[in-house]
């Protein structure tokens, strides 16, 4: 029996309804479940509808609804973990990572290996949109309004020193917009150019070891599709030049799974409406499966 269990979490509360909500069905159609021989567990959808109006107090979109959704997703992930299975939470936007990390925070000290083209480290006042997908890494590390950072009084969900930010390439853009700088924290950061200098296998190994030395109870993987090179992954809403290759992604995932410390994964931001023939989804799924199964 496969160790993988899939939870669909098509929330766009932290972004907007552009098509990212179709991500679970697109990856299923591209063969994710079959390739991983994964058990399908649940579909967790937002209870409250999307509200395009920014809250005057928190300066966020849908903060209360995201909190509500995160608590429900937390329960679903906890149930899968209790069966000693590896949950793969298929979003949706990046804010879905809050729920799984809340589940892990309830049970111990866990790390986060955050694979993303963006640092997602904005403070609400610097975010142009108020989208929580701009600031999910900041939120899970305890920065931002308590409505999301301090669910169940467990702030932070992940300590800075237990986080790796891997593959981001938006430093110039985030500086222009006034984002707080993740490099001013104890988060382990390795941007795209640092990875290129080290080569992918060595970069992945160094980043993983920076977490393993902390004697964590486990590591959660977060994968945002826009970490991939824009020429092969144009099906995202916020595009950036350059990025990792499919083989790079497989290599990183393979190294993570080989540690036997990874406990689950979120997959977010891929927008199927920008992949008209499904070919990008097929390659994306193959890259993920190769990495998780150790066949890259």
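The values are calculated or read from the model by the stated rules, or taken from the named source; none is laboratory data. The shown structure was predicted, so the numbers you read here are calculated from the model rather than taken from an experiment. Cβ placement follows ideal geometry from the backbone for every residue including glycine, while neighbour counts extend to all protein chains displayed.
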Quiz item: Residues in region 195-206: is at least one outside any helix (DSSP H, G or I) and without any contact (Cβ under 8 Å) to a residue 40 or more places away in the chain?
Solution: yes
Exercise. Using the structure shown, decide if residue 72 is at pLDDT 95 or above and in contact with a strand residue (DSSP E or B) (Cβ under 8 Å, 6 or more places away or on another chain).
Key: no
Quiz item: Looking only at region 190-215, which residues are crowded, with 20+ Cβ neighbours inside 10 Å and either under 22 Å from residue 258 (Cα atoms) or modelled with pLDDT under 95 (or both)?
Solution: 195, 203, 204, 207, 208, 211
Quiz item: How many residues are free of Cβ contacts under 8 Å to residues at least 24 places away in the same chain and within 23 Å of residue 128 (Cα to Cα) if we restrict to region 148-189?
Solution: 6
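Looking at residue 119, is it free of Cβ contacts under 8 Å to residues at least 40 places away in the same chain, farther than 18 Å from residue 24 by Cβ, crowded, with 21+ Cβ neighbours inside 10 Å and in contact with a helix residue (DSSP H, G or I) (Cβ under 9 Å, 6 or more places away or on another chain)?
Numbers: free of Cβ contacts under 8 Å to residues at least 40 places away in the same chain: no; farther than 18 Å from residue 24 by Cβ: yes; crowded, with 21+ Cβ neighbours inside 10 Å: yes; in contact with a helix residue (DSSP H, G or I) (Cβ under 9 Å, 6 or more places away or on another chain): yes.
No, not satisfied.
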Quiz item: Considering region 24-60 alone, what residues qualify as being out of contact with any strand residue (DSSP E or B) (no Cβ under 9 Å at 6 or more places or on another chain) and assigned to a loop (DSSP other than H, G, I, E, B)?
Solution: 30, 31, 46, 47, 48, 49, 56, 57, 58, 59
